1. What is the residue count in segment 89-125 for residues that are among the small types (G, A, S), farther than 13 Å from I59 by Cα, over 14 Å from the mean Cα position of the chain (by Cα) and crowded, with 20+ Cβ neighbours inside 10 Å?
2. So, of the residues in segment 22-37 that are open to solvent by 60 Å² or more (accessible area, probe 1.4 Å) and assigned to a helix (DSSP H, G or I), which turns out to be farthest from A124 (Cα to Cα)?
3. Which is touching a Gly at 6+ places or on another chain (Cβ under 8 Å) and either assigned to a helix (DSSP H, G or I) or without any contact (Cβ under 8 Å) to a residue 60 or more places away in the chain (or both), of I63, I18?
4. If I81 meets every condition in (1) in contact (Cβ under 8 Å) with a residue 24 or more places away in the chain; (2) open to solvent by less than 50 Å² (accessible area, probe 1.4 Å); (3) farther than 30 Å from I35 by Cα apart from one, which number is that one?
5. Could you run through segment 140-155 and say how many residues are more than 12 Å from the chain's Cα centre (by Cα) and closer than 14 Å to P110 by Cβ?
6. How many of the residues making up segment 37-60 are more than 17 Å from A108 (Cβ to Cβ) and touching a residue at least 60 places away in the same chain (Cβ under 8 Å)?
7. Take segment 126-151 and flag every residue that is surrounded by fewer than 21 Cβ atoms within 10 Å (Cβ to Cβ) and either more than 20 Å from V50 (Cβ to Cβ) or basic (K, R) (or both).
8. Regarding segment 38-47, can at least one residue be identified that is surrounded by fewer than 23 Cβ atoms within 10 Å (Cβ to Cβ) and at positive phi?
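The values are calculated or read from the model by the stated rules, or taken from the named source; none is laboratory data. Bear in mind the structure is a predicted one, so any value in this text is a computation, not a measurement. Counting neighbours? That spans all protein chains shown, and the Cβs are built from the backbone with ideal geometry, glycine included. Only protein heavy atoms, including side chains, enter the accessible area calculation; ligands, DNA and RNA are left aside. Shrake-Rupley method; radii C 1.70, N 1.55, O 1.52, S 1.80 Å.
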Amino acid sequence: MLEWMTATTVGKFVTTFIISMLPVVELRAGLPYGIALGLDYPLALTAALVGNMVPVPFIVVYIRRIFVWLRAHFERMDSFITKLENKAHLKGETVRKYGPIGLLIFVAIPLPGTGAWTGALIAALLDMRLKTSVPCIFLGVCIAATIMTLITFGIISIVSVSYTHLTLPT
């Protein structure tokens, strides 16, 4: 099973897609991973973008209801959910101040604690409409993908140049 995920183009695409769907790592890890597996750049980019965006509308629409349900059925989750909400509100100050452009900028910065998941959570907690928040998050994810592409290919070129200088002539 694991061999299929790294040996075939479909497996590499699916793996890149799944990694990009995960909170915290998202596209920031999925895109470089897909490229490192040898997936053609357009396929790696598509898998990472789509994978990163799949959870977004569900988070924006349902996360508040999910939090209410979790609090009602699992009291121990209350402190964890409260921490998540507090972090989102704290990070959402920029979004609150600048509106949709603030959300786009927040998501576009490819650092831990930013990204589509946190942006969607902030949008939900600030009662942003889906038709406003999803396009802003998508554009932010596209900008983050551009930044990650430049970083990934920059590192690859630095490593390959360094490697060619370190090899001894035969």
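1. Summing the residues that are among the small types (G, A, S), farther than 13 Å from I59 by Cα, over 14 Å from the mean Cα position of the chain (by Cα) and crowded, with 20+ Cβ neighbours inside 10 Å in segment 89-125 gives 1.
2. Taking segment 22-37 as the starting set, the residues that turn out to be open to solvent by 60 Å² or more (accessible area, probe 1.4 Å) are 22-24, 33, 36.
Filter once more, so that each one left must be assigned to a helix (DSSP H, G or I): 33, 36.
On the way: Y33: 29, A36: 34 Å.
Of everything passing the filter in segment 22-37, A36 is farthest from A124 (Cα to Cα).
3. Values: I63 fails: touching a Gly at 6+ places or on another chain (Cβ under 8 Å).
Of the residues listed, the single one that is touching a Gly at 6+ places or on another chain (Cβ under 8 Å) and either assigned to a helix (DSSP H, G or I) or without any contact (Cβ under 8 Å) to a residue 60 or more places away in the chain (or both) is I18.
4. (1)
5. So in segment 140-155, the residues more than 12 Å from the chain's Cα centre (by Cα) come out as 146-147, 149-155.
Add one more test, that the residue is closer than 14 Å to P110 by Cβ, and what stays is 146-147, 149-152, 154-155.
The total comes to 8.
6. The number of residues fulfilling the criteria is 5.
7. Of everything in segment 126-151, those that are surrounded by fewer than 21 Cβ atoms within 10 Å (Cβ to Cβ) and either more than 20 Å from V50 (Cβ to Cβ) or basic (K, R) (or both) turn out to be L126, D127, R129, K131, T132, L150, I151.
8. The answer is yes, given that some residue of segment 38-47 is surrounded by fewer than 23 Cβ atoms within 10 Å (Cβ to Cβ) and at positive phi.
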